[in-house]
1. Return yes or no: is A:S49 away from chain B (no Cβ under 14 Å) and either surrounded by 22 or more Cβ atoms within 10 Å (Cβ to Cβ) or of a type in the set (S, T, Y) (or both)?
2. Just checking, which of B:S160, B:S139 is at pLDDT below 95, out of contact with any helix residue (DSSP H, G or I) (no Cβ under 7 Å at 6 or more places or on another chain) and farther than 18 Å from A:A361 by Cα?
3. Could you tell me whether B:T368 is outside any loop (DSSP other than H, G, I, E, B), under 24 Å from the mean Cα position of the chain (by Cα), under 29 Å from B:V137 (Cβ atoms) and within 13 Å of chain A (Cβ to nearest Cβ)?
4. For segment B:320-329, enumerate the residues that are open to solvent by 80 Å² or more (accessible area, probe 1.4 Å) and away from chain A (no Cβ under 14 Å).
5. Specify the residue that is farthest from B:W124 (Cα to Cα); the eligible residues are those in segment B:182-206 that are under 22 Å from the mean Cα position of the chain (by Cα) and touching a residue at least 60 places away in the same chain (Cβ under 8 Å).
6. Restricting the search to segment A:69-83, which residues are within 8 Å of another protein chain (Cβ to nearest Cβ) and either touching a Gly at 6+ places or on another chain (Cβ under 6 Å) or at positive phi (or both)?
7. Does A:V338 meet the test of being over 25 Å from the mean Cα position of the chain (by Cα), of a type in the set (V, I, T) and open to solvent by 20 Å² or more (accessible area, probe 1.4 Å)?
8. Which count do you get for residues in segment B:266-315 that are under 20 Å from B:S256 (Cα atoms) and not in a helix (DSSP H, G or I)?
Protein chains: 2
Amino acid sequence: MTAQNHGEQIHEGEEGVNFYPFRFHDFVLDDFVPLFLRDLTITQFSLLSTDGSARRGRISTTHGLVETPVFMPVGTQGTVKGLTPQQLKSVGAEIILGNTYHLTLRPGDELVAELGGLHKFMAWDRPILTDSGGFQVFSLAKIRKVTDDSVAFRSHIDGSPLELTPESAVRIQQNLGSDIAMALDECPPADANESVMREAVRRTILWAERCRNAHTRTDQALFAIVQGGTDLNWRRTCAQALVAMDFPGYALGGFSVGESPEAMHAALPASADLLPSDKPRYLMGVGRPEDLLAGIAAGIDMFDCVMPTRNGRNASAFTNFGPIRLRNACHRRDSAPVESGCPCYTCVNFSRAYLHHLFQADEMLGPTLLSLHNIAFYLRLMADARLAIEERRFGAFRSNCLARWERQT
Amino acid sequence: MTAQNHGEQIHEGEEGVNFYPFRFHDFVLDDFVPLFLRDLTITQFSLLSTDGSARRGRISTTHGLVETPVFMPVGTQGTVKGLTPQQLKSVGAEIILGNTYHLTLRPGDELVAELGGLHKFMAWDRPILTDSGGFQVFSLAKIRKVTDDSVAFRSHIDGSPLELTPESAVRIQQNLGSDIAMALDECPPADANESVMREAVRRTILWAERCRNAHTRTDQALFAIVQGGTDLNWRRTCAQALVAMDFPGYALGGFSVGESPEAMHAALPASADLLPSDKPRYLMGVGRPEDLLAGIAAGIDMFDCVMPTRNGRNASAFTNFGPIRLRNACHRRDSAPVESGCPCYTCVNFSRAYLHHLFQADEMLGPTLLSLHNIAFYLRLMADARLAIEERRFGAFRSNCLARWERQT
């Protein structure tokens, strides 16, 4: 199975759990969605097989199927940096991520809606997940004031004062028209003290309920985000409250926010175990290839991270034999591809020497070609992991990967 | 006929004039090329039809056919900035240009040769033309001393002292392995006085002869460059001497070096007329769409210019209805494609509003998508011009283009 294998996408008739089972209170809500359509979303999750805690699944969305475990390339500003949709498809990308915070600041979610939604705007006809903007507000924005009502902040672009509420986070994502939206959360840093964490968990639960009430698009699933850092008690408190609200999917937020990889890896299995097994589980903003394997082993289905594109822009390549830095002089005369055997456009056509030259000469094509390869690497890793789970050899697969990568790291 | 039309490339059996007719003195030269192969190059030029001075032709090279008039996208450092070979082919690029000066400085022509030549290095399997480095030395290099023997200069990258001779210019281009190489010339600025121009013409002739004697690759054609600015007398002096040496193709250098467009347009017909009609004629470094049409009307067959890619990186688009600037606020909500009816990937998939957003957000994809469109525009203009010549309506075609472009310029 290669990253190019889209044959997986043809099984449309697969049985699954509806993300939005009909709920009685839907009939008494008052908005513009016709009653007979409310929550009749076609978004479904099928758990196809397991291997220990590792899960092989399939998400069906308005814009098509997603095979899990899945990696979602990050398209922060309505573009996966440097790559065309055509190039993303050529390496098998099935779903990408868009950032609510960035897109509402620029070009504006209402403009995107006016132009037909994010899919049409960026010419991506496969599924899109949008984050809620919470993480970005808490990590990028310059000044902020958090109350139960909202988070007030200043734009990192022009300093203008802005405010995000659970309701506006949902409204923005409904304007963007993503297939999967995320509830607004408060994401504390890894070193948050007990009272900060308590407030973040309390507010995350409160906001999830408000997001759920504000959410009306039936062609979009709304996932909730579990906070609580590496403390299992806080994770449990948060997860239990959110699971009781019956969301169609759950994310683990607040990982990879400053804690050690070991602390994250140790906390993942029990944190994932708090989530219902018949819903997709998404580990937000993670991570390195070894983190993805740890997440999969813990029972995570979805991942996103800027690493493949960011590292690609900085001349760092992921390969099956460990990472390499293309700027290094040792690649100057190196006629080998970035990764032998990789079927991506970059590896089929170009040498490390050519990539080295492009980065030395500051040519745009270097970042483009290496981002393409790195995403191909991530997607191939996921495809290989899916096959390993199906064949119940994920543990051995993971050990082999780690051993191979360590040799040259 | 669209820029995507490669059907033109299938007429392999066309009759033509051999670039390198067998020459007696070839049999007494001493080098490693077997005698029976010497100058048996397959490079040919066929003049298919004319319309006034405008010419419709076809160049056959080692790496395939080139339909003329042709525009050659510029790949200065072994890459057409921001575009993959796949993207270039998607808009119908048949031949691209590589810069001898840049490539010998970095990564080095011997390294390129060691890696299999420029075609393999940059994964471009269609024809490549390399300039001689002369223009760049006279316009980019920091310090220089010109003698009849060589031009000494300092690298614009690290200031290291370097020297280019007619022989080394040929050796470099033979290492790069381009299909068409250019003789080293001295390119004076537009405001050069009489004595500077005299010296430049004298040296250009001297160097052309030395290049011709140094050139041994039989799968590569060597073109000579005519200098002389806008002074027809100097052009005639230079052209007559070079034509007597029987090169397989001729370029007009020293245009678009500071003179007014009107002065260039006025000088072009007589300058082109000095060149043999059975050889391709190349106007170097030109130009704007209106300059290309002026060149075609004057009987020019080949053009190159950085404008489509440079303007594309700066958010300026060429369109059939005149140029537009995508950064302008009027495009913020503009759902139209960059150019209605353009079949390029950019115009088929994306709106001006999206391009506007990409440039506002400083996203790499903006320059890539707009460079792609601008090259598509240039190549389509050439394809349309070829058809107009075939149908003997080039004059009307040119007038119509100029009227359309002026409306919004």
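The values are calculated or read from the model by the stated rules, or taken from the named source; none is laboratory data. All of these numbers come straight from a predicted model, not from anything done at the bench. Glycine gets a Cβ as well: all are built from the backbone with ideal geometry, and neighbour counts include every protein chain shown. Surface accessibility is based on the protein's heavy atoms, side chains included, excluding ligands, DNA and RNA. Shrake-Rupley method; radii C 1.70, N 1.55, O 1.52, S 1.80 Å.
1. Considered against the rule, which asks whether it is away from chain B (no Cβ under 14 Å) and either surrounded by 22 or more Cβ atoms within 10 Å (Cβ to Cβ) or of a type in the set (S, T, Y) (or both), A:S49 comes out as yes.
2. Result of the check over B:S160, B:S139: B:S139.
3. So B:T368 fails the test.
4. B:F321, B:R325
5. Of everything passing the filter in segment B:182-206, B:A190 is farthest from B:W124 (Cα to Cα).
6. Matches in segment A:69-83: A:G78, A:G82.
7. no
8. 19
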